[in-house]
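This report concerns only the one structure given below.
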Amino acid sequence: MSTRLTLPVLPLRGTVIFPGLAAPISAGRPGTLRAIEAALKGDRLVFAVAQRDNAEEPSADILYSMGVIARIGQVNRGLGGVQLLLQGEERATALQFTPGDGFLSAVILKTDDILPLDAKDPAFEALHKEIRERAAELGEKRGLPEEVVHQVLDSVTEPGRFADLVAGYLELPVPEKQGLLETLTVEERLRRVLVQVQRQISLLEAQEEIKSQVQEELGERQREMFLREQMKAIQKELGDDDQAKEIEELREKLRKLELPKDARTEVNRELGRLERSGHESMEAQVIRTYLEWIAELPWNKRSDDQLDLPHAIRVLDDDHYGLKDVKDRVLEFLAVRQLRAHQLAEEIKTTGEFPAAKLKTAKDDATPSLTKSAEPADRTITDTKEAKARAMAKGPILLFTGPPGVGKTSIAKSIARSLGREYVRVALGGARDEADIRGHRRTYVGAMPGRIIQGMKQAGTKNPVFLLDEVDKLGVSFQGDPSSALLEVLDPAQNDTFTDHYLGVSYDLSEVLFIATANFVQNIPGPLLDRMEIVEFAGYTEREKAEIAKKYLIPRQLEENGLAGKNVAFSEEAIASLVSKYTRESGVRQLEREIGAVARKVARRIAAGEEKVIIDNGVVSADEVRELLGRPKVRPEKANEHHEVGVATGMYYTPMGGDIMFVEASTRSLYQAPNADGSASGAPVSLVLTGQLGDVMKESARAAFTYVTKNAEKLGIPKSRLGALETHIHVPAGAIPKDGPSAGVAIATALASELSGRAVRKDLAMTGEITLRGRVLPIGGLKEKVLGALRAGMKTIVLPKDNEADLDDVPLEAKQKLVFHTVETLEDVLKLALVDETTQSKLQMV
């Protein structure tokens, strides 16, 4: 028998709560608030029962006898009452209502559902399935997402609870809902709920049908036409014909442009469509935006090129220190264009026409064309500016490659200034959509041209210097490959008819001087790289950095930090300290940041009246740099203090510059009985490689080990040192990944030193790839490696014979401080690197 409970009564007006459902309730009547407080002090349970009418003061006479045991969830108190969340748990019948303490209490008895005799009966299962389908249909017709409806309905599987769930969401009067609550037979409750669900579905279908009939009678198109005619009549009465004026102004602007034939045809067609379409229609807005883009592009406006070599030299030297190879390439480009422009101008004066034969030759020639193939050959040229433009057309596409901070981007701006051209920069780093280059087709909402056409509009001329920055960092996604879209842009044979998806007509890019920048050439696709002429930017030497700091960085930072007129300067020692002890880079960005840090600290002291404490006679010294910036931030490798056995010095190169690295070799004998002649037996050997080496470097170590052990006698290694050995090769700085073949010579030298017992010279650094036959093969990055070795205190450099020509790239000051040896085999390396026994014994005596 069920247990009787006594719970506070929570009377409900206008709603019925079902078991298993949560419902938000607002309570403001004093009796109700007291009942809630009593429940909150206990187990938070109340007897939620509906009123028969909306009386303000509930009594036992107006309350139904059956309700729900509910638990109070979240409670929010406010000035107007209490907001609470009730969670229905079980049906219950009130046996007696008792007033007391300002609220009603009820003695209740839990009421159980009457289950069907056979839950597997086909008729009952069909009824259960039918109400589920109809309930899902009703939820969807009410506008709820399908997945949400099924998620809610599928969460309840028991038929009685499911009937309560659906009944709780039906829009029914309180008596009908109370009737469903009091229906204890599960099968009967399902039938009654199904009837109500079907009735509401029919009601919604009738509403949809009525709405559809009304829309058909009114008709959106008819309504729009009616309103449009009214607007036309009003505008006519007011004399407002702004639309016609705007179209006429746009037509006049387009008429003045020298458009290609296909572009002129497209423009005329779109103008006709604009006149026929309504002023406020979406189509008219799209067409107007398109025509405005056409009108604002520089179809025939050019900058007058300054083909003055002395002026270009002054501009480049004023803006950048060093970079001789880059400046030479730019000046060569200008010299050729200058001569070509003079030649064209002379022929124009003589004939009055542009020579058709030369146009054809230039077009068919493999070298960059000097004319625009898109223009007719017999066009008369009477303007020197036009001759310059033809001379500058279809120049090479330059690719500036090198580490960060060496001036790739800034020199492009200097080139534009030296030529007297407009400058446009487009950052391509991270671009992964082909539409970034070619634009979107006009069929898409919000379509716009690509970055190339936008840049041309920004420049305002058709011959700007166009910088494609970080071209090696283009991405690839499902939206296309932007590097493939650049193939047409950067091909001098094709870019005179570049077609943007948004414009839909060809645009001539042949007079644009494209310059691309990249840090890693290997990240650029081969077909794109093939279209560009590579100009390499190497890292600066310490002397070059010091000169750049004196001429450019320090004046700029003093100006930016308010010290321009404060008689503040940096001593030579201070600049050298900043370069060598606080920066480690190929460029000068970090150096400028450190100079800026010093300038800010000096500015703070001066502002506080302490300038005499920190600077002496306005000059910042090396000691004062240390005081301002703290301890040095860079700890580069330095040459060993003594000749050591088993330690060789190699060289490496990264985008941040070159440096030295130490290769350490050590052997450990694994005991094995010797042969009869006293030599070690041919037991297997093991090779251990550590220092986070890459696959290529591991292969170089294995090749070096094979060569050294096989040619031990020729290399002066005693037989007794071979045999059952565990050889360990380690490259310090184990947290840094290392790879590449150029450490092969250093690894072989360290092995030969360890096995022969002869020390390696402390002041000698080496680089080169080694083969199984002992040949030393060429490597890359020689200039940076040599400069890194010089900074580390090396005196002698050993490099492959095939790299001898690369010494021309090494600065003269570095050549004067170093001794270079070129080698072809490992034996040549060991003769230079290993200290002979006499020298070694002298060192040991000391």
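Values for this structure:
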{"item": "Residue in segment 553-586 that is nearest to Asp623 (Cα to Cα), counting only those that are acidic (Asp, Glu) and assigned to a helix (DSSP H, G or I)", "result": "Glu573"}
{"item": "Test result for Asp308, over 40 Å from the mean Cα position of the chain (by Cα), within 30 Å of Leu399 (Cβ to Cβ) and not aliphatic (A, V, I, L, M)", "result": "yes"}
{"item": "Residues satisfying the stated conditions in segment 158-192, i.e. assigned to a helix (DSSP H, G or I) and open to solvent by 70 Å² or more (accessible area, probe 1.4 Å)", "result": "Arg161, Tyr169, Pro175, Glu176, Glu182, Glu188, Arg191, Arg192"}
{"item": "Condition check for Arg34: surrounded by 13 or more Cβ atoms within 10 Å (Cβ to Cβ) and on the phi > 0 side of the Ramachandran plot", "result": "no"}
{"item": "Selection status of Phe570, over 32 Å from the mean Cα position of the chain (by Cα), surrounded by 19 or more Cβ atoms within 10 Å (Cβ to Cβ) and in contact (Cβ under 8 Å) with a residue 12 or more places away in the chain", "result": "yes"}
{"item": "Qualifying residues in segment 418-475 (those that are of a type in the set (Ser, Thr, Tyr) and free of Cβ contacts under 8 Å to residues at least 60 places away in the same chain) - the one most open to solvent (accessible area, probe 1.4 Å)", "result": "Tyr444"}
{"item": "Every pair of residues 6+ apart whose Cβ atoms lie under 7 Å, when the first sits in segment 589-605 and is over 24 Å from Glu544 (Cα atoms) while the second is open to solvent by 40 Å² or more (accessible area, probe 1.4 Å) and of a type outside the set (S, T, N, Q)", "result": "Ala603/Gly562; Arg605/Glu611; Arg605/Val613"}
{"item": "Number of the exception - Leu127 against (1) modelled with pLDDT of 90 or more; (2) touching a Pro at 6+ places or on another chain (Cβ under 9 Å); (3) not aromatic (Phe, Trp, Tyr)", "result": "(1)"}
{"item": "Condition broken by Val75, with the remaining ones in (1) assigned to a strand (DSSP E or B); (2) surrounded by fewer than 19 Cβ atoms within 10 Å (Cβ to Cβ); (3) in contact with a helix residue (DSSP H, G or I) (Cβ under 6 Å, 6 or more places away or on another chain) satisfied", "result": "(3)"}
{"item": "Tabulated pairs, segment 243-266, first outside any helix (DSSP H, G or I), second of a type in the set (Ser, Thr, Tyr), C-beta under 8 angstrom, 6+ apart or interchain", "result": "Pro260/Ser506"}
{"item": "Evaluation of Leu777 against (1) in contact with a Gly (Cβ under 7 Å, 6 or more places away or on another chain); (2) surrounded by 19 or more Cβ atoms within 10 Å (Cβ to Cβ); (3) closer than 28 Å to Leu722 by Cα (one fails), failing number", "result": "(2)"}
{"item": "Test: residue in segment 23-44 that is within 25 Å of Thr185 (Cβ to Cβ), of a type outside the set (Ser, Thr, Tyr) and either over 55 Å from the mean Cα position of the chain (by Cα) or assigned to a strand (DSSP E or B) (or both)", "result": "yes"}
{"item": "Residue check for Val195: among the hydrophobic types (A, V, I, L, M, F, W, C) and exposed (fewer than 14 other Cβ atoms within 10 Å of the Cβ)", "result": "yes"}
{"item": "Residue that is nearest to Lys245 (Cα to Cα), among those in segment 257-285 that are open to solvent by 60 Å² or more (accessible area, probe 1.4 Å) and modelled with pLDDT under 85", "result": "Glu275"}
{"item": "Selection status of Asn523, over 30 Å from Ala576 (Cα atoms) and either open to solvent by less than 10 Å² (accessible area, probe 1.4 Å) or among the small types (Gly, Ala, Ser) (or both)", "result": "no"}
{"item": "Pairs with Cβ under 6 Å, 6+ apart, first in segment 545-558 and touching a residue at least 12 places away in the same chain (Cβ under 8 Å), second among the hydrophobic types (A, V, I, L, M, F, W, C) and open to solvent by 50 Å² or more (accessible area, probe 1.4 Å)", "result": "Leu558/Ala564"}
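Residues are listed down the side, and each one gets a yes or a no for (1) modelled with pLDDT under 85; (2) buried (at least 21 other Cβ atoms within 10 Å of the Cβ):
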{"residue": "Leu782", "(1), (2)": "no, yes"}
{"residue": "Val786", "(1), (2)": "no, yes"}
{"residue": "Pro800", "(1), (2)": "no, yes"}
{"residue": "Phe820", "(1), (2)": "no, no"}
{"residue": "Glu827", "(1), (2)": "no, no"}
{"residue": "Gln844", "(1), (2)": "yes, no"}
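The values are calculated or read from the model by the stated rules, or taken from the named source; none is laboratory data. Keep in mind that this is a model prediction, so the values were computed, not measured. Neighbour counts run over all protein chains shown; Cβ positions are idealised from the backbone, glycine included. When the accessible area is computed, the model is the full protein with side chains, heavy atoms only, and any ligands, DNA or RNA have been set aside. Shrake-Rupley method; radii C 1.70, N 1.55, O 1.52, S 1.80 Å.
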